[in-house]
Amino acid sequence: MKDFSADLHIHSVLSPCGDLDMSPRNIIRRAGEMQIDIIGITDHNSTRHGPLMRRLGRENGIFVLTGAEVTSREEVHCLSFFEDDRQLASFQRYLDDHLIPFPSDPLRFGHQIVVDQDDNILEEEKNLLIYSIDQTVNQIEEVVHLHNGLFIPAHINRERNSMTSQLGFVPSDIIIDALEISRHVSKVDFLKLHPGLEDYTFIQSSDAHFPEDIGKVYSVFRLEEISFREIRMALAKKGGREVILP
């Protein structure tokens, strides 16, 4: 087994909250500087930078998990990841069908830009991506797993937009691959406040919106090699694979 550093919650310039310097190539460059082996690209309610991020990562020796940070009808943020571009494109259609239309105001919320590998602007998303989709947490989880993806409730320690803040609890009737805590709390301290969640796998991520935040907080994945299958096994604590919070 080998240990690999992983920061699985990073926003690109496509997210309205993402800094304009968070282009795909700048994210990959910074991850390399921070010696991060695995990154997750998780723009709000959009996967459109995923295929480019995966290719740039492959060219630079960084494994990229592609997906989105989905906002449920209850305003719970959920990380979702998919193995290939076919699954990613199908999930994007699901997001397009269910995002509640609300025109974005770039001066108020920030730009939502799709760029190419050279940072040339290809388009700007018109609907506000940080708005909710019209689907519940349960419905989102079902669709993610129908696409053979990974479902990870985001920053569950936060006082808003988390599963604990919006629902008041972690539902036992949905399949959760891991729970994410933010860089502002330790797992030990979180579990003191939320006993009963000890059996879940936890990850910790930067939730980076600026290049300098990438890799400030990360998880360690103990794997045979880096692959989507191995990452899934580590989250499930199978075959000696595991996730360790430094």
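Where a number appears in this text, it was derived from the coordinates with a stated rule and is not lab data. What you see is a predicted model, and the numbers here were worked out from it, not measured in a lab. Cβ sites come from the backbone with ideal geometry, for glycine too, and all protein chains shown count toward neighbours.
Assorted remarks:
- Note on Ile100 and Asp116: the model spin-label points, each 7 Å out from Cα along the C-beta direction, lie 3.7 nm apart.
- Arg160-Lys216 pseudo-label distance in nm [points 7 Å out on the Cα-to-Cβ vector]: 1.9
- About its Cα centre, the dipole of the range 148-246 is roughly 80 debye, where the only charges are +1 on Lys and Arg Cβ and -1 on Asp and Glu Cβ.
- Given the alternatives (i) 43, 38, 32; (ii) 59, 42, 34; (iii) 45, 45, 33, Cα extents along the principal axes in Å as computed for this entry is given by (i).
- Of interest is the spacing of the C-alpha centroids, which for the range 91-156 and the range 51-75 amounts to 12 Å.
- Within the range 77-99: backbone nitrogen closer than 18 Å to the Asn138 label point (7 Å, Cα to C-beta): 77-78
- Max mean-square fluctuation residue, GNM over the chain, Cα-Cα springs under 10 Å, options Phe82, Phe228, Phe190: Phe190
- Computed from the C-beta positions of Arg73 and Arg108 and an R0 of 22 Å, the FRET efficiency is 0.45 to the nearest 0.05.
- Potential extension, Met1-Arg58 segment - 0.36 nm per residue separation minus Cα distance: 18.4 nm
- Between Ser15, Ser104, Ser172, the GNM of the chain built on Cα springs shorter than 10 angstrom shows Ser172 fluctuating the most.
- Choice from Lys216, Lys192, Lys126 with maximal GNM fluctuation in the chain (Cα, 10 Å cutoff): Lys192
- Distance (nanometres) between label positions extended 7 Å along Cα→Cβ at Leu146 and Glu225: 3.3
- Under 13 Å from the Leu20 label point (7 Å along Cα→beta-carbon), backbone N, the range 111-140: 111-113, 121
- Under Stokes-Einstein, with the Kirkwood radius over Cα pairs as Rh, the value for the range 27-125 at 10 °C and 1.306 mPa s is 109 µm²/s.
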